[in-house]
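For reference, the structure is listed below as structure tokens.
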Amino acid sequence: MDFSAFSRFDLDRCVLEFDRAVRVVFGEASARRPSPAGEGTEDNLDAATRRDAAALMRVNHCGEVCAQALYQGQALASSNERVRTALEKAANEESDHLSWSAERVRELGGRLSVLNPLWYAGSFAIGYVAGRWGEEWNLGFLAETESQVEHHLQGHLERLGNRDARTRAVIEGMQLEEAEHRRTAESLGARELPEVAKHGMRLAARLMTTLSYWI
Ligand SMILES: [Fe+2]
Ligand SMILES: [Fe+2]
């Protein structure tokens, strides 16, 4: 029996996964579509607004790092070709979100979270486990994640108010697509998660967003 093909495949996959993780974590991914922030001139932002907007976008970048890992973990675990193909579009859009948010953080003079490797590893593991639970739960987990992200982004829009139109444009663009991702997961047969699971997810998200606002 020839095992060389298997080991070569595994090694290739490991290298590919590692390369992807590094690009995601260090914000080097490039977007397929231009950022909703557009080319327009920067609002006359005072220092406090600029700092706050950069920190909010750092939090959102962390969320997108997690989304990359979740979708990736689920794609590896799921054996259903139909679901994998349907989620591919969402995963590609998540890559754009990742790039747009990193770009906006840099434009505002901020930096990305040093905890990104931790968020990526944790989310990848959660995505992989969710992917093993069976299709309906797996999709239910994705739908709930997207729904919580939608609400979280709404909170950022309310906090920014009418300050910083370019940051708002990025957040609004992402929010529209997160809603679409939720509907995709629902249309594929997502099961609603029990309240205790939703609550646990909200707690984990609060920990991530609080920490990444600062570090
Ligand atoms: Fe996203
Ligand atoms: Fe999404």
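The values are calculated or read from the model by the stated rules, or taken from the named source; none is laboratory data. Quick caveat, the model's predicted, so the values are computed rather than measured. Cβ coordinates were reconstructed from backbone atoms using ideal geometry, including for glycine residues, and neighbour counts include every protein chain displayed. In case anyone asks, the SASA skips ligands and DNA or RNA and just uses the protein heavy atoms, side chains included. Shrake-Rupley method; radii C 1.70, N 1.55, O 1.52, S 1.80 Å.
Taking each residue of region 130-148 that is in contact (Cβ under 8 Å) with a residue 12 or more places away in the chain and looking for partners that are open to solvent by less than 30 Å² (accessible area, probe 1.4 Å) and of a type in the set (Phe, Trp, Tyr) with beta-carbon atoms closer than 6 Å, six or more apart or interchain, yields Ala130/Phe141. Would you point out the residue of region 92-117, among those that are among the hydrophobic types (A, V, I, L, M, F, W, C) and closer than 25 Å to Glu39 by Cα, that is nearest to ligand 2 (Cβ to nearest atom)? The selected residue is Leu98. For first residues located in region 15-35 and without any contact (Cβ under 8 Å) to a residue 40 or more places away in the chain, partners that are of a type outside the set (S, T, N, Q) and buried (at least 19 other Cβ atoms within 10 Å of the Cβ) and lie 6+ apart or on another chain with Cβ distances below 6 Å form the pairs Arg23/Ala29. Kindly indicate which of Gln72, Gln68 is open to solvent by 20 Å² or more (accessible area, probe 1.4 Å), under 16 Å from the mean Cα position of the chain (by Cα) and free of Cβ contacts under 8 Å to residues at least 60 places away in the same chain. Going through Gln72, Gln68 in turn, the sole match is Gln72. Taken residue by residue, region 118-127 has at least one member that is among the hydroxyl-bearing types (Ser, Thr, Tyr), within 15 Å of ligand 2 (Cβ to nearest atom), part of a helix (DSSP H, G or I) and in contact (Cβ under 8 Å) with a residue 40 or more places away in the chain. Among the criteria (1) touching a Ser or Thr at 6+ places or on another chain (Cβ under 8 Å); (2) part of a loop (DSSP other than H, G, I, E, B); (3) small (Gly, Ala, Ser), the one Ser99 does not fulfil is (2).
Here is a yes/no grid of residues against (1) away from ligand 1 (no atom under 12 Å from the Cβ); (2) under 30 Å from Ala47 (Cβ atoms):
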site	(1), (2)
Leu76	yes, no
Asn80	yes, no
Asp96	no, yes
Arg106	yes, yes
Gly109	yes, yes
Leu142	no, no
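Does any residue of region 51-70 turn out to be part of a helix (DSSP H, G or I) and either on the phi > 0 side of the Ramachandran plot or modelled with pLDDT under 80 (or both)? Checking region 51-70: not a single residue is part of a helix (DSSP H, G or I) and either on the phi > 0 side of the Ramachandran plot or modelled with pLDDT under 80 (or both). In a residue-by-residue description of region 144-154, the property of being modelled with pLDDT under 95, more than 16 Å from ligand 2 (Cβ to nearest atom) and not charged (D, E, K, R) applies to no position. Looking only at residues of region 156-193 that are surrounded by 14 or more Cβ atoms within 10 Å (Cβ to Cβ) and polar (S, T, N, Q), we find that the one that is farthest from ligand 2 (Cβ to nearest atom) is Thr167. Of all residues in region 186-194, none are closer than 30 Å to Thr49 by Cα and polar (S, T, N, Q).
Scan region 194-206 and tell me whether some residue there is among the acidic types (Asp, Glu) and either within 16 Å of ligand 1 (Cβ to nearest atom) or under 28 Å from Thr85 (Cβ atoms) (or both). No, the conditions are met nowhere in region 194-206.
Selection within region 57-85: residues that are under 14 Å from Gly131 (Cβ atoms) and small (Gly, Ala, Ser). The member of this set that is farthest from ligand 2 (Cβ to nearest atom) is Ser79.
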